[in-house]
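The values are calculated or read from the model by the stated rules, or taken from the named source; none is laboratory data. Since the model is a prediction, treat every value here as computed from it, not as a measurement. No Cβ is skipped: glycine too gets one built from the backbone with ideal geometry, and neighbour counts run over all protein chains shown. For accessibility, only protein heavy atoms count, side chains too; no ligands or nucleic acids. Shrake-Rupley method; radii C 1.70, N 1.55, O 1.52, S 1.80 Å.
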Amino acid sequence: MDKNSVLGLVLIFLVLSLFFWWQRPSKEQIEQTRRYNDSINLVRMHNDSIQAAQAYIAENQSNDTTNDSVINAKVNDQFGVFASSVNGSETFVTVSTPKLEVTFTTLGGRMASVTLPEFHTFDSLPLTLFEGPDNVFGLSFFSNNRLINTDDLYFVPSVSSNVNVTDPDGYDFSMRLYPSNGDSTAVNSYIEFAYHIPYDDYMIDVSCNLVGMEQYVYSRNSFIDLTWTMDILQQEKEEEDRLNGTTLFYQFDGDKCDKLTQNRDGEKNLSVKTRWVSYKQRFFASTLIAKNDECFLSGTVSSRKDARKVKSDSRYVRTMSSVLALPYNGEPSESFGMSMYFGPAKFTLLKQYGLGLDDQINIGSFFLNRWINRGIMAVFHLLEKIIGNYGLIILLLTIFIKLILSPVTYKSYLSTAKIRAIKPETDELNAKYPNPDDAMKKQQATMELYKKFGVSPMSGCLPMLIQFPILVAMFRFFPVAFELRQKSFLWAHDLSTYDSILDLPFNIPLYGDHVSLFTLLMTATTILYTMINNKNMGQEGQPGMKMMTYLMPIMFLGIFNSYSAGLSYYYLLFNILSFLQTFIIGKIKPTEKLRAEMLLKAAQNTKKGGMSNGGKSRWEKKLEELQKMQREQARAQAKENAKRRR
């Protein structure tokens, strides 16, 4: 090998070494990856330990001759210093407040169920967010090379009887797990879940305390895992809503919230510090929040639907689970503060906490829609304080929006009315240029006619563009408006979901298995309003344009049939008020009067030389230049075609 080859190999080696050094992961990334892998291993070992425990129990139940000392030896071998907490009887303690009814269980020291006394399900049952043994809230850690899961162990409650909270300062309740098993040094050592249940709030303070556990809890990884699993129960008639369904949200530290795909199974590795994780249903949320300046170091979140649970429980929707890393350094006393929110997914309520929880409410991803909806909410809540009928509130809200848009509506009407006022002149142009080959001449003559009478064909588009964000914002507002939940109006029993006047014995694709009267009325008024507009715009002789304008209302019939009745009711009112506005403006500015004004103004412009180039706007000049260029290109193309034919 010659000198140049050796030098080349050395240079290649140096370049590759530099590249790998540059691309090496940081210490923080390595630590996060290790935490993630350890969390996965803990979950797998947790499942293995559960299966082993189940096999162990089955074996002992079937073998009555097993020596007690042998059983105790097996328990000690599997659970170590926590062996004395393996056997026990599960007891429950319920703490009740005006806002919450929380039932705790000694098995795992966790919340067994949470009920909101102020609310009911769609079929008038108590609104319980979760209940049952499959719900998990516990720690996983290593103790003397044994994987310990606090969900498998019995805690000692601070009180053993139910509590009805009357103190405005709330109530403190705790569950403790003692690592005794004959170890005299473990008397003052314990793992504690300390709960503070407020009297008049939905936010429960939770503190995970490890006191004197440094010799029992392995601390090399500088973290222990917190597992939170919850079976979501159906609360609404349509839980799997297309816009606002059951979704798992999370927020990284100092960042906006993100979510898993709505109504689908999914999993996400949270590789950076996380502020909170939320299991959100359509109108309620269960949220775990790292308190103060603390964060969950990393973790994984998942959402799935268990087919077996679907068959066994009609109220089961899906299962959401989180495995989150809590910092732990093996100190004599360590504590991790958290909060758990169990309550309405109401925008104004969640916003008061200042934690970004309101980002879960989908009032529009576009900033303009969000700002519009914030203003709409302010007006809505103001009316709510004065009026108790929500149908009337929506009516007044619609009138308010129409009044704000009235200048835009008036401008749009004038633009349409001006085109309608010069219809005799446009009919003459159509008769003058019946040949399609004269389309360019007809267009130029039409523009001259518009300029003469002061008509701008684009002026009607701007008002529609201004109204469109408001229409879209309302499309987002009504499905998430918690205030409309279970509020009735006329034949609609619940304005937050669809109103059904007829339940069909079959399902129609793209429509549904019921008939919504508000949607039918909204569609009918939309078609009627479209017919009037087409007539005013002179489109009755254009089949293609007519088909396009009628297609959208027909599509709305299928889309809105399963949406909020409040939304269809709003669009129905919007159409009716649009009819009324058009009628009033038509009386104030009739077509005959407007035509007379336009003819007078056209005559005055002609006398003043308004037809000269000096009076043309920049846009009109650009349009004429473009038309001139198109005519020259057409002539050149015609000459070229003539040459080829020769």
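How about segment 362-393: which of its residues are closer than 18 Å to L350 by Cα, in a loop (DSSP other than H, G, I, E, B) and not hydrophobic (A, V, I, L, M, F, W, C)?
N362, G364, S365 - these are the residues of segment 362-393 that are closer than 18 Å to L350 by Cα, in a loop (DSSP other than H, G, I, E, B) and not hydrophobic (A, V, I, L, M, F, W, C).
Please go through segment 112-133 and give me each residue that is in contact (Cβ under 8 Å) with a residue 60 or more places away in the chain and open to solvent by less than 20 Å² (accessible area, probe 1.4 Å), ordered by number.
Selection gives V114, L116, T121, L127, L129, F130.
May I ask you to list the residues in segment 104-158 that are in contact with a Ser or Thr (Cβ under 7 Å, 6 or more places away or on another chain) and among the small types (G, A, S)?
G108, G109, A112, S113, G138, S140, S158
Across segment 443-474, which residue is modelled with the lowest pLDDT among those that are open to solvent by 70 Å² or more (accessible area, probe 1.4 Å) and part of a helix (DSSP H, G or I)?
Among those that are open to solvent by 70 Å² or more (accessible area, probe 1.4 Å) and part of a helix (DSSP H, G or I), it is L462.
Run P434 past the list (1) of a type outside the set (A, V, I, L, M, F, W, C); (2) within 34 Å of the chain's Cα centre (by Cα); (3) outside any helix (DSSP H, G or I); (4) surrounded by fewer than 17 Cβ atoms within 10 Å (Cβ to Cβ) and report the number of the one that doesn't hold.
P434 satisfies all of (1) of a type outside the set (A, V, I, L, M, F, W, C); (2) within 34 Å of the chain's Cα centre (by Cα); (3) outside any helix (DSSP H, G or I); (4) surrounded by fewer than 17 Cβ atoms within 10 Å (Cβ to Cβ) except (2).
Of everything in segment 83-103, what is in contact with a Pro (Cβ under 9 Å, 6 or more places away or on another chain), closer than 16 Å to S286 by Cβ and open to solvent by less than 50 Å² (accessible area, probe 1.4 Å)? Give them in sequence order.
K99, L100
Across segment 362-405, which residue is surrounded by the most Cβ atoms within 10 Å (Cβ to Cβ) among those that are polar (S, T, N, Q) and closer than 29 Å to Q262 by Cα?
N373
Going by the conditions given, is T526 open to solvent by 20 Å² or more (accessible area, probe 1.4 Å) and either part of a strand (DSSP E or B) or without any contact (Cβ under 8 Å) to a residue 60 or more places away in the chain (or both)?
So T526 fits the description; yes.
Checking Y390 against (1) within 30 Å of M111 (Cβ to Cβ); (2) modelled with pLDDT of 90 or more, only one condition comes out false. Which one?
The one condition Y390 does not meet is (1).
Can you say whether F141 is more than 25 Å from G343 (Cα to Cα), modelled with pLDDT under 90 and not aliphatic (A, V, I, L, M), as far as the supplied structure shows?
yes
Considering only segment 113-163, state which residues are assigned to a loop (DSSP other than H, G, I, E, B) and of a type in the set (G, A, S).
Hits for segment 113-163 are S124, G132, S158, S160, S161.
In this structure, does D169 turn out to be part of a loop (DSSP other than H, G, I, E, B), more than 26 Å from K309 (Cβ to Cβ), modelled with pLDDT of 90 or more and within 38 Å of the chain's Cα centre (by Cα)?
When the stated conditions are applied, D169 passes them.
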